[in-house]
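First comes the structure, then the notes that go with it.
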C-alpha cells in the first residue's frame with residue numbers, strides 16, 4: 001500500500017475507530033454499577049450507621065423498656081443489614097461511607113441532648129419518619145434498580161424495615177400514652 005496525504009488520515013480514522021470499538025467492548029465486560037444503584041447503596045449504608053448509633057443512644061437515654069428494646073433491635077438488625085450491604089457492595093466495587101450523613105448526625109446530636117420521656121418522644125417520632133422514608137427508598141430500589149446484587153439486597157431488607165415501622169408506630173403510641181398520663185395524672 002502506498003502512503004500518501006489522503007491515505008494517512010483514512011488509516012488513522014480506521015485505527016481510531018477500531019481502538020474505540022475495542023475499548024467499548026472491554027468496558028462492557030467490567031461490572032459497572034449504575035449511579036442510582038451505587039447512590040442507593042451509599043445512602044443505605046449511612047442510614048444503617050445512623051440507626052445503629054441512635055439505637056445505642058436509645059439504650060442510654062431512653063426512659064422505658066419499650067424504647068430501650070427498640071434501640072437494641074435497631075442495633076442488631078441494622079448491623080446485620082450493614083454486613084449484608086457491605087458484602088453486596090464489595091461484589092460491585094462500591095465504596096460505602098463509614099459514618100452517617102450530616103443530617104443524620106445532626107439528628108443524633110439533637111437527640112443526645114434529651115433524656116427520659118423527652119428523648120422517648122423525639123426518638124419514637126424520628127423512627128416513624130425514618131422508617132417511612134426508608135421503606136419508600138427500598139421499594140423504589142427493589143422495583144426499579146438495575147444492579148441485581150443491590151436490588152436483591154433492597155428486596156431482602158424491605159420486610160425488616162416494614163417490621164421496624166410497625167414497631168416504631170407501637171412505640172410511638174406507648175410513648176404518647178405515657179406522656180398523656182404524666183401530664184394529666186387525674187384523668
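Rule-based calculations on the coordinates, nothing more; no lab input. Nothing here was measured: the structure is a model prediction, and the numbers come from that model. All Cβ positions, even for glycine, are placed from backbone atoms using ideal geometry, and neighbour counts span all protein chains on display.
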(Q) Only counting other Cβ atoms within 10 Å, I'd like 68, 84 sorted with the fewest neighbours first. (A) 84, 68
**Q.** Exposure proxy ranking, count of Cβ atoms within 10 Å, fewest first, for 53, 151
**A.** 151, 53
Q | Ranking of 95, 42 by count of other Cβ atoms within 10 Å, fewest first | A | 95, 42
Q. Expressed as a whole number of Å, what is the distance separating the alpha-carbon centroids of segment 66-102 and segment 142-156?
A. 16 Å
Q: Report the relative contact order of segment 51-107, percent, no decimals, based on alpha-carbon pairs under 8 angstrom and at least 6 residues apart.
A: 27 percent
Q) What length, rounded to one decimal in nm, is gained on full extension from residue 80 through to residue 95, with 0.36 nm per residue of separation minus their alpha-carbon distance? A) 3.6 nm
Q) Simple spin-label model, 7 Å along Cα-to-Cβ: residue 39 to residue 143 in nm? A) 1.8 nm
Q: May I ask you to compute the full-extension gain from residue 59 to residue 112, defined as 0.36 nm times their residue separation minus their alpha-carbon distance, rounded to one decimal in nm?
A: 17.9 nm
Q. If you stretched the chain out fully between residue 103 and residue 155, how much longer would it get, using 0.36 nm times the residue separation minus the C-alpha to C-alpha distance?
A. 16.2 nm
